[in-house]
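To start, the structure under review is shown below, and the notes come after it.
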Amino acid sequence: MTKTNLARTLREPAELVAEHLAPASALPALERVAARYAVAITPALVELIDTSDPADPIARQFVPTAAELEVQPGENADPIGDHPHSPVPGIVHRYPDRVLFKLVHVCAVYCRFCFRREMVGPGKENALSDNAYRAAIDYIRSHSEIWEVILTGGDPLMLSPRRMSEIMADLAAIDHVKIIRLHTRVPVADPARISDEMVAALKVTGATVWVALHANHARELTEAARAACARLVDAGIPLVSQSVLLRGVNDNVTALSDLMRAFVECRIKPYYLHHGDLAPGTAHLRTTLAQGQDLMRQLRGRVSGLCQPDYVIDIPGGAGKSPVGPNYVLAVQNTAAEAGDTVMETRYRIVDYCGDVHLYPPETER
């Protein structure tokens, strides 16, 4: 298997210019961006970028731009409210039966739209301290309502297989923890990191393991990425997807359909399509909710039910996720004559994926 090659990751604006990923004229602005937000593009993703296309959807996700220096009203360093729900470092307990466990604050690649962009990168700690880790495990152990632990960060698969094995064993040893879910971009960003050793580290007795893969464009699912995902699935680890709806990346029905089909081809069930969070300097990548709802309506009639994600928004302030897909059903009251009496009955107008309206139950001849 090819060795992981994170050592050749591009991290400095000058390197981006040298690789023709950004013009030399942009260097001063990019250096200001890099001083605030982490930059990293792995070789696997650099290879996917078409430098001749100024609107390349892979570049838009990972190559920094001066637009990130423009903070819009409403944007927030903690846009989904992690901090108010963090009882101890590393833990976010927003929902009763599950917690986020933020093990590390580093990623293989840094997305320009990341909602935790103020929490990773220059000047930030790379991982929880030993004391913080033990306090987080103690918190999970002492709260019997916690059924699922979601490993996130940063990217938990930046840890070594040895360390991952220790963490998985610690969590699986807690009786009430039945599900361990990992959120990761590594199979796309550095596929070779999903080695036999890493897969073995994720296999644990006492809990069921799921992996949520983040990808936003079908081109990210290269032959190597698909093989990395297959190593997980073949080992009995089910995969789901999460994506972010991004302007200029996947905000058209063809790109979105291709992405969801690619997931299903890889035995990855489409799970979440996130509306862009109000993270600082990300307005140039956000769509409107109306655009997202229209895309979901188009997707419904275009691809298999296997390919349908939930379109969700994380409510600013920490109230959690809410589905925001289009509403296909509107209740209406109809007047009907029955045995000489006038009664009210409820019917529904149902909108199909083409926008046509149908009455349910259908009207019948009397």
- Going through the stretch 62-81 in order, the residues found to be farther than 17 Å from residue 38 by Cα and among the small types (Gly, Ala, Ser) are 74, 81
- Note on the stretch 259-284: residues over 15 Å from the mean Cα position of the chain (by Cα) and assigned to a helix (DSSP H, G or I) are 261, 262, 264, 265, 283, 284
- How many of the residues making up the stretch 262-279 are touching a Cys at 6+ places or on another chain (Cβ under 6 Å) and either more than 14 Å from residue 306 (Cα to Cα) or charged (D, E, K, R) (or both)? 0
- Query: Is there a residue in the stretch 15-31 that is of a type in the set (A, V, I, L, M) and in contact with a Gly (Cβ under 8 Å, 6 or more places away or on another chain)?
  - Reply: no
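Give me the residue from the stretch 85-104 that is in contact with a strand residue (DSSP E or B) (Cβ under 9 Å, 6 or more places away or on another chain) and open to solvent by 40 Å² or more (accessible area, probe 1.4 Å) and, out of that set, farthest from residue 16 (Cα to Cα).
To start, the set of residues in the stretch 85-104 that are in contact with a strand residue (DSSP E or B) (Cβ under 9 Å, 6 or more places away or on another chain) comprises 85-87, 89-95, 97-104.
Cutting the leftovers down to open to solvent by 40 Å² or more (accessible area, probe 1.4 Å) gives us 85-87, 89, 94-95, 97-98.
Values: 85: 37, 86: 36, 87: 39, 89: 34, 94: 38, 95: 40, 97: 43, 98: 39 Å.
Only one residue fits best here, namely 97.
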- Task: Kindly indicate whether residue 254 is in contact with a Leu (Cβ under 6 Å, 6 or more places away or on another chain), open to solvent by 10 Å² or more (accessible area, probe 1.4 Å) and either free of Cβ contacts under 8 Å to residues at least 40 places away in the same chain or among the β-branched types (Val, Ile, Thr) (or both).
- Result: no
- Of all the helices (runs of 4 or more DSSP H) wholly in the stretch 109-199, which have at least 2 residues that are surrounded by fewer than 17 Cβ atoms within 10 Å (Cβ to Cβ)? 130-142, 161-172
- free of Cβ contacts under 8 Å to residues at least 12 places away in the same chain and in a loop (DSSP other than H, G, I, E, B) - does that describe any residue in the stretch 80-91? yes
- Query: If you check every pair at least six apart or on different chains, which have Cβ atoms under 6 Å apart with a residue in the stretch 224-237 that is open to solvent by 10 Å² or more (accessible area, probe 1.4 Å) first and a residue that is part of a helix (DSSP H, G or I) second?
  - Reply: 224/191; 231/199; 235/199
- Right, residue 22: surrounded by 13 or more Cβ atoms within 10 Å (Cβ to Cβ) and among the small types (Gly, Ala, Ser) or not? yes
- Can you name every residue in the stretch 347-356 that is of a type outside the set (Asp, Glu), at pLDDT 75 or above and farther than 10 Å from residue 330 by Cα? 354, 355
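The values are calculated or read from the model by the stated rules, or taken from the named source; none is laboratory data. As the structure is a computational prediction, the values presented were derived from the model and not from experiment. Don't worry about glycine lacking a Cβ; one is built from the backbone with ideal geometry, like all the others, and counts go over all protein chains shown. Each accessible area value is taken on the protein alone, full model and side chains, heavy atoms only, with ligands, DNA and RNA left out. Shrake-Rupley method; radii C 1.70, N 1.55, O 1.52, S 1.80 Å.
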